[in-house]
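Worksheet for the structure shown next.
The values are calculated or read from the model by the stated rules, or taken from the named source; none is laboratory data. This is a predicted model, so every value here is computed, not measured. Here Cβ is always computed from backbone atoms with ideal geometry, including for glycine, and neighbour counts include all displayed protein chains. Ligands, DNA and RNA are excluded from the accessible area calculation, which covers all protein heavy atoms including side chains. Shrake-Rupley method; radii C 1.70, N 1.55, O 1.52, S 1.80 Å.
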Amino acid sequence: KMANHKSSLKRIRQTEKHNLRNRYYAKTMRNFVRDLRKTTDKAEAAAMLPKAAKMLDKLAKRGIIHANKAANLKSKLAKRVNKL
């Protein structure tokens, strides 16, 4: 069933664009977090941590991920880096 209103057609187009963009940012963040978890070098991990935190905060602010998820990930990553 297809929408008939001009505004709803535009909404559909916008939503598709936003979904694509949000998926890209979320995936990029997951890859970065994965790479940080894999890192065994303390100095490299310590350098990556602020970038990861910034990325998570920005995604949470924009509503791409939940604020609590960002906080939990930041906490776990910081613990992991400190353990190295």
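Here Asn4 fulfils each of the conditions (1) free of Cβ contacts under 8 Å to residues at least 40 places away in the same chain; (2) in contact with a helix residue (DSSP H, G or I) (Cβ under 8 Å, 6 or more places away or on another chain); (3) open to solvent by 100 Å² or more (accessible area, probe 1.4 Å) apart from (2).
Taken together, the residues in region 50-80 that are in contact (Cβ under 8 Å) with a residue 40 or more places away in the chain, out of contact with any Phe, Trp or Tyr (no Cβ under 6 Å at 6 or more places or on another chain) and open to solvent by less than 70 Å² (accessible area, probe 1.4 Å) amount to 2.
Matching residues to (1) under 14 Å from the mean Cα position of the chain (by Cα); (2) of a type in the set (D, E, K, R):
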site	(1), (2)
Met2	no, no
Thr15	no, no
Glu44	no, yes
Met55	yes, no
Ile64	yes, no
Lys83	no, yes
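Inside region 24-63, residues that are among the polar types (S, T, N, Q) and assigned to a helix (DSSP H, G or I) make up a count of 2. Only one entry in Ala43, Ala26 is within 21 Å of Arg80 (Cβ to Cβ), open to solvent by less than 60 Å² (accessible area, probe 1.4 Å) and aliphatic (A, V, I, L, M), namely Ala26. Among residues of region 20-41 that are acidic (Asp, Glu), those with a beta-carbon under 8 Å from a residue that is modelled with pLDDT of 95 or more and open to solvent by less than 100 Å² (accessible area, probe 1.4 Å) at least six positions away or on a different chain give the pairs Asp35/Met48.
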